[in-house]
Every structure is written in C-alpha cells, then in structure tokens.
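Rule-based calculations on the coordinates, nothing more; no lab input. This structure is a prediction, so every number in the text was calculated from the model and none was measured. Here Cβ is always computed from backbone atoms with ideal geometry, including for glycine, and neighbour counts include all displayed protein chains.
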Amino acid sequence: MTQSYIVRFMKSEKYISNLIGAFASSVSTAVESQVLTLGGRSLSHEAALVAINNHPNETIDVLSKVLALSHSGAVRLINTLEQEGLVARYKSAQDARSVVLRTTQQGLDRVKEILSRRENVTSKVLEHFSDEQKEQLSALLESAMANLTDKHIEARRICRMCDEGVCRTLGCPVEKSIK
C-alpha cells in the first residue's frame, strides 16, 4: 500500500466517523426536542416510560441500570411517574419482597405518543432515500447495532426509546447480539 492510499483511507475513516457523530447528535436532538413538546419533566422520564412499557414487571433496580441512574434517583423518578398516573407498582409474582413496574393506560397512551414523535423525526430521515438505499442503510445499521454490545443491560439501555414491537417481529440486531 502506498502512503497516499493510507492517508486517504485514514482521512476517509475520520470523515465517516465525524459524519456518524454529527448525524447521531442531530437525530438525538430532534427526537429529544419533539418528545419534550409533550410536556414531560425530562427525557429520562419519557425513556423510563418506554422502557417500562417494553419490559413490564421489571424491578426499579433493573430500571436504574437501564437508565444509568442511582437506585435512589430511579425511585424518585418512579415516584413522580406514579403520582402522575403513568406507572403503577405491583408485588412481584416471583418474589413477594420485590415490587415490579407497569405502565397504566395513561402511561401506555403517553408511550404511544412518545414513539410517534420519535418516528416522525426518524421517518423524515428516510424520505429522500430510494428503496435500494433504504435496504443498504438497514443492512449497515443492523450490522453496526449488532456490534454495540454483548451485555443484556447495555442492550436494554441502547433500546430504551425503541418501539420494540417493530424490532421483535423482524429480529432486533441488538438483542441478537446478546444471545
């Protein structure tokens, strides 16, 4: 390999990395902006609702790990969501000492609105792509997502704002990576 090829390759790789970073930041900011127009307290509150809805009957301890919060921070967040009528606590069927979480009907309605706002942002990204480009992008994203982690909690953190009903039918690349 020539020196100029190596320099071009490294520049190209840095360029692609920079594009990925800018794209991820832009989409993340747009999703956050849209979700926060719902009037929620913070993106953590909204992400908690989606995570609880995607995985009902999990404990606060699991949720704290998924959201990267301290246990006391997660308890405060759940207290707020419960006071707002979005989440309910139930005794665990497996361990009577534990409490598990589920969204209420009001919480489920909120989750649907959160995911709708998120989809509004992400679908705009795809508007200008051909079907062939969408297939190529899908394959690249599946490959990239499958390589993000091999740990269960990290996978849940990655997918904390996902419409998991969509991926479950097609085979979530992140979940596949931890099996």
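On a full-extension model of 0.36 nm per residue, what is the gain between Leu137 and Lys151, subtracting their alpha-carbon distance, rounded to one decimal in nm?
2.6 nm
Which of the three applies to segment 86-179, rounded, prolate or oblate, going by the alpha-carbon gyration tensor with a ≥ b ≥ c and a/c under 1.5 meaning rounded? Please list the in-between numbers first.
Values: a/c = 3.47, a/b = 1.57, b/c = 2.22.
Oblate shape, in that a/c is at least 1.5 and b/c is the bigger or equal ratio.
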Point to revise | Cβ-placed point charges (K, R +1; D, E -1), dipole of segment 99-179 about Cα centre in debye, nearest 20 | key: 480
Practice item. Can you tell me what the convex hull of the Cα atoms of segment 3-128 projects to on average, as an area in nm²? Key: 11.1
**Study point:** Ellipticity estimate at 222 nm from DSSP helix runs (n ≥ 4, -39,500 (n - 2.57)) divided over the chain, nearest 500
**Key:** -22000 deg cm²/dmol
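Dipole size in debye (nearest 20) for segment 1-138 around its Cα centre, Lys and Arg Cβ +1, Asp and Glu Cβ -1?
On the way: 16 positive and 15 negative charges, 74 e Å.
About 360 debye.
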Revision key, fill the gap. Checked against the positive end of the charge dipole of segment 1-122 (+1 on Cβ of Lys and Arg, -1 on Cβ of Asp and Glu, about the Cα centre), the farthest of Ser33, Phe23, Gln83 is Phe23
